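Below is one structure, written out as structure tokens; comments come after it.
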Amino acid sequence: MSQTRIEIRLAGSGGQGLITAGIILAEAAIFDNKNVVQSQSYGPEARGGASRAEIIIADGPIFFPKATWVDIFLAMSQKACDQYSFDIKTGGVFIVDTTYVRQIPTSSAMAIPITSATRDKFGTELFSNIVALGIICETCGVVSAKALRAAISNRVPDGTEKINLQAFNFGQGLAKETIKNNNGVEAEVIEADT
């Protein structure tokens, strides 16, 4: 029986909430009865420096807990894009926040102004990480929307569940719109090599 292993990297600047997003994504994978490993790293400066969260999701045992050949990459800052985009699989999903990423190293990236769209919709950038999770969910299907909604409700501060779930739904809508506008080409669901 073949095993599915999906490697995901969320990268941006400290303060953008990508570590939290990684924890939520990992918890959602657990809710979907998958095995998961989540790790994180920060640059020398916590806020403003490059940060990343890596999540490995598998149907079976995870023998090596580090991402080595990334299936899904989200870049929410130029520095993170430059620093962490070197090991994306051919055919992997590359999502960039064009609010902060101006030089995209590939023409096959899904370019969405995540932060500016979030600011326009909610009056703050605070929910950009949750919007990004909605985009990943809709584009990649690596964990179920139901599991992600449950993990978001579990992990966000009390009293903010409703607006965070609205942000997640908004992200799903942004992804659908982007896919539709790219000549009607549907995003393919990532399947790991066997």
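The values are calculated or read from the model by the stated rules, or taken from the named source; none is laboratory data. Being a predicted model, the structure only gives us computed values, none of them experimental. In this analysis, Cβ positions are derived from the backbone assuming ideal geometry, glycine residues included, and neighbour counts consider all displayed protein chains.
Return the pair list, or none, for Cβ contacts closer than 9 Å from residues in segment 118-144 that are farther than 20 Å from ILE55 by Cβ to residues that are assigned to a helix (DSSP H, G or I) and modelled with pLDDT under 95, at least 6 apart or on different chains.
none
Within segment 45-65, is there a residue that is exposed (fewer than 15 other Cβ atoms within 10 Å of the Cβ), modelled with pLDDT under 95 and either at positive phi or part of a strand (DSSP E or B) (or both)?
yes
As an exercise: evaluate VAL96 against (1) of a type outside the set (Lys, Arg); (2) within 30 Å of ASP59 (Cβ to Cβ); (3) surrounded by fewer than 23 Cβ atoms within 10 Å (Cβ to Cβ); (4) free of Cβ contacts under 8 Å to residues at least 24 places away in the same chain and give the number of the one condition it does not meet.
Exception for VAL96: condition (3).
Search segment 176-194 for residues being small (Gly, Ala, Ser) and either closer than 24 Å to ALA58 by Cα or touching a Lys or Arg at 6+ places or on another chain (Cβ under 7 Å) (or both), and hand back the single one that is modelled with the highest pLDDT.
That would be ALA187.
Going by the structure shown, is ARG102 among the basic types (Lys, Arg), part of a loop (DSSP other than H, G, I, E, B) and within 21 Å of GLU177 (Cα to Cα)?
For ARG102, the condition - among the basic types (Lys, Arg), part of a loop (DSSP other than H, G, I, E, B) and within 21 Å of GLU177 (Cα to Cα) - is met.
Which condition number does SER107 fail, the rest of (1) part of a loop (DSSP other than H, G, I, E, B); (2) surrounded by 20 or more Cβ atoms within 10 Å (Cβ to Cβ) being met?
(2)
Counting just the residues of segment 91-134 that are hydroxyl-bearing (Ser, Thr, Tyr) and within 24 Å of ILE23 (Cα to Cα), which one comes out nearest to the chain's Cα centre (by Cα)?
Among those residues, the one meeting the criterion is SER128.
So, in segment 110-155, how many residues would count as being among the small types (Gly, Ala, Ser) and surrounded by fewer than 20 Cβ atoms within 10 Å (Cβ to Cβ)?
8
Identify all residues within segment 66-76 that are surrounded by 15 or more Cβ atoms within 10 Å (Cβ to Cβ) and either among the aromatic types (Phe, Trp, Tyr) or in contact with a helix residue (DSSP H, G or I) (Cβ under 9 Å, 6 or more places away or on another chain) (or both); write none if there are none.
VAL70, ASP71, ILE72, PHE73, LEU74, ALA75, MET76
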